[in-house]
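The structure appears right after this line, and notes come after that.
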Amino acid sequence: MSIPIRLGAQAHGYCGQILRIDATGLAIPLPAEELERRLLEMGFVEDAHVEIRHQGLIGRDPIAVRVNGITVGLRRREAQAIIVGTEADPIGA
């Protein structure tokens, strides 16, 4: 089974699958529910394929994330709300 990790902590080139969105306890300027809603509206939904395509030169921030064929720019602190796992691991195995 896939070990849940936060997308914001991953390096350039990471590929995986979204397990869930969870912004509780993160140091972000928005309420957790608002960030979760925004991410869902951008297409960060359960079981979606994600890939970190690019990252900024200073502090590796922001990142360009490809989700189901669309590239979206995110701050790493926002991407921390996206819980992912590797696609090679079958869910429930």
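The values are calculated or read from the model by the stated rules, or taken from the named source; none is laboratory data. Because the structure is predicted, anything quoted here is derived from the model rather than measured. Reconstructed Cβ throughout: ideal geometry from the backbone, glycine too, with neighbour counts over all protein chains shown.
Miscellaneous remarks
- Considered as a group, the residues in region 57-79 that are more than 13 Å from the chain's Cα centre (by Cα) and either over 14 Å from Ala9 (Cα atoms) or in a strand (DSSP E or B) (or both) include one that is modelled with the highest pLDDT, and that residue is Ile70.
- Looking only at region 41-78, and only at residues there that are under 14 Å from Gln17 (Cα atoms) and of a type in the set (A, V, I, L, M), the one that is surrounded by the most Cβ atoms within 10 Å (Cβ to Cβ): Val65
- Scan of region 14-52 for residues that are in a loop (DSSP other than H, G, I, E, B) and either touching a residue at least 40 places away in the same chain (Cβ under 8 Å) or under 11 Å from Val65 (Cβ atoms) (or both), ordered by number: Tyr14, Asp22, Ala23, Leu26, Ala27, Ile28, Met42, Gly43, Phe44, Ala48
- Some residue of region 6-25 being of a type in the set (Ser, Thr, Tyr) and touching a helix residue (DSSP H, G or I) at 6+ places or on another chain (Cβ under 6 Å): yes
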